[in-house]
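Report on the structure given below.
Read the figures in this text as sums done on the coordinates, not as results from a lab. Bear in mind the structure is a predicted one, so any value in this text is a computation, not a measurement. Glycine also receives a Cβ, built like all others from the backbone with ideal geometry; neighbour counts cover every protein chain displayed.
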Amino acid sequence: MIKTISKIGNSQGIIFDSALLQLAHLKVGDEVNVEVHAGGTITIAPMNPSVIEASTAAETARLLIQKNGELFRRLS
């Protein structure tokens with residue numbers, strides 16, 4: 001896919017249309033890692049945030065509440 005570098009405010013940039021974002025599984029606000037390689041090649045890779053399963057999150061919360069139950073009671 002060929003893109004053109006455009007002036008955006010006081011900077012330059014490349015516009016990613018919605019189709020390109022969908023293909024890359026990205027959305028506005030996502031963090032990406034930008035690397036410049038020898039010869040001038042630039043790669044843009046999505047940062048993969050840690051995804052916690054709901055059951056793991058629930059178990060962790062239960063253990064936290066159990067461990068700090070007295071503190072939570074005094075704070076409420």
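Under 20 Å from a label point set 7 Å out along the Cα-to-Cβ vector of residue 41, the amide N atoms of segment 11-28 belong to 24.
Tell me, in nm to one decimal, what length is gained between residue 18 and residue 73 on full extension, where the rule is 0.36 nm per residue of separation less the Cα-Cα distance?
On the way: separation 55, 0.36 × 55 = 19.80 nm, distance 4.83 nm.
This chain segment gains 15.0 nm when fully extended.
Efficiency by 1/(1 + (r/R0)^6): what FRET value for residue 65 and residue 31, r their Cβ-Cβ distance, R0 = 22 Å, to the nearest 0.05?
In this case the efficiency is close to 0.10.
For the chain, the set of trypsin sites (Lys or Arg not before Pro) satisfying both a DSSP loop assignment and a count of at most 11 other C-beta atoms within 10 Å is given as 3, 27. Once the GluC sites (Glu not before Pro) in DSSP loops with at most 13 neighbouring Cβ atoms within 10 Å are cut out of the chain, the longest remaining piece is 1-30. Principal-axis analysis of the Cα atoms of the chain puts helix 54-67 at an angle of about 40° to the longest axis. Listed options for volume of the Cα convex hull per residue in Å³ are (i) 76; (ii) 216; (iii) 251. The value calculated from this structure is the one marked (ii).
If the cut-off is a Cα-Cα distance under 19 Å, which aspartates and glutamates reach residue 67, setting aside same-chain residues fewer than 8 apart in sequence? Answer for residue 67, where 19 Å is the Cα cut-off: 59, listed by chain and number. Converting phi to 3J(HN,Hα) with the Karplus coefficients 6.51, -1.76 and 1.60 and the offset θ = phi - 60°, segment 24-32 yields 8, 6, 10, 9, 4, x, 5, 8, 10 Hz in sequence order, with x at every glycine or proline.
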